[in-house]
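K.L.:
Input: one structure, supplied below.
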């Protein structure tokens, strides 16, 4: 009796990487070449940026004085994000019990810009189960940082709302790159800078006006808030990683080319919130049943157990308390035993 053969399932993000590679043969080699020129022929951009989007522009345009046509302008953001993610190919998967309250936590006040430079790797893919944007399923989001010697730094989001991996580059059915220009102010302020910059660039290049969905900073900020909460958590103090956070690859010496960076052979999954998720599940269950430990001094029942809402907490640290940091305070169990000592429980998310 022969055993049934099961085809190994390849992660959607990896399939999209291969689809884009087929559309732009030699793109990754070209991006690696740009990276190798950092600090010699090209400016020495910060280490937190794999390669500026100017490199992706050169790939999409074909180099030289070629211009990128409007119908392919979004390919620049797609190639830039995938090139940064390709080096480590980390998939970030949140425990459901942490994911739910985290995406519901409002991102209010000034965006803690300095915190975003703490992304653990050049590029991340964060899974976003049960999330939708503009009526389209959001399967996940690629996150990376971009640098320019002429413009402010940007947090770049690449929304995986493609109908299928094969339509990744389609202008209507494919991936959607979103820039967030860093600086002072709220998320809406950052997106307002994007609107103004995009309008100027479109006018200079002779492109049509920008997409109406991207023209309302307040509405777009509210739409992106759940995604930004996930990103901020990964950059915050003491995120609950199940193992050491993902990191960029280190150069390896080769006989022919000297020191080189090699991309990961495939995706790797990082579970986030397994320990905290287990604690939250226990707390929710106790709160739902109204169970709490009796007061050890009086023996009387304590007030009904409940869960306080999650929120972001900003505090000052470092030398002379001049460094602003952010920590996500999870739903806090009240009148319950200490659930922080629970062991981590890894749950598969399909």
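K.L.:
Considering each of 68, 59 in turn, give the residue that is surrounded by 17 or more Cβ atoms within 10 Å (Cβ to Cβ), in contact with a helix residue (DSSP H, G or I) (Cβ under 6 Å, 6 or more places away or on another chain) and assigned to a loop (DSSP other than H, G, I, E, B).
P.N.:
Values: 59 fails: assigned to a loop (DSSP other than H, G, I, E, B).
Of 68, 59, the one residue that is surrounded by 17 or more Cβ atoms within 10 Å (Cβ to Cβ), in contact with a helix residue (DSSP H, G or I) (Cβ under 6 Å, 6 or more places away or on another chain) and assigned to a loop (DSSP other than H, G, I, E, B) is 68.
K.L.:
What number of residues within the range 146-167 satisfy the criterion of being touching a strand residue (DSSP E or B) at 6+ places or on another chain (Cβ under 6 Å) and either buried (at least 19 other Cβ atoms within 10 Å of the Cβ) or more than 20 Å from residue 193 (Cβ to Cβ) (or both)?
P.N.:
So the answer is 9.
K.L.:
Moving on. So, in the range 251-267, of the ones that are within 28 Å of residue 12 (Cα to Cα) and part of a loop (DSSP other than H, G, I, E, B), which residue ends up modelled with the lowest pLDDT?
P.N.:
Once the filter is applied, the top-ranked residue is 251.
K.L.:
Working only within the range 1-31, note down all residues that are within 22 Å of the chain's Cα centre (by Cα) and modelled with pLDDT under 95.
P.N.:
To start, the set of residues in the range 1-31 that are within 22 Å of the chain's Cα centre (by Cα) comprises 10-21, 28, 31.
10, the sole residue that qualifies.
K.L.:
Tell me, yes or no, whether the range 75-97 has at least one residue that is surrounded by fewer than 19 Cβ atoms within 10 Å (Cβ to Cβ) and within 23 Å of residue 246 (Cβ to Cβ).
P.N.:
yes
K.L.:
Name the residues in the range 11-46 that are out of contact with any strand residue (DSSP E or B) (no Cβ under 9 Å at 6 or more places or on another chain) and not in a helix (DSSP H, G or I), would you?
P.N.:
24, 25, 26, 37, 38, 39, 40, 41, 42, 43
The values are calculated or read from the model by the stated rules, or taken from the named source; none is laboratory data. Just so it is clear, the structure is predicted and the values come from calculations on it, not from any experiment. In this analysis, Cβ positions are derived from the backbone assuming ideal geometry, glycine residues included, and neighbour counts consider all displayed protein chains.
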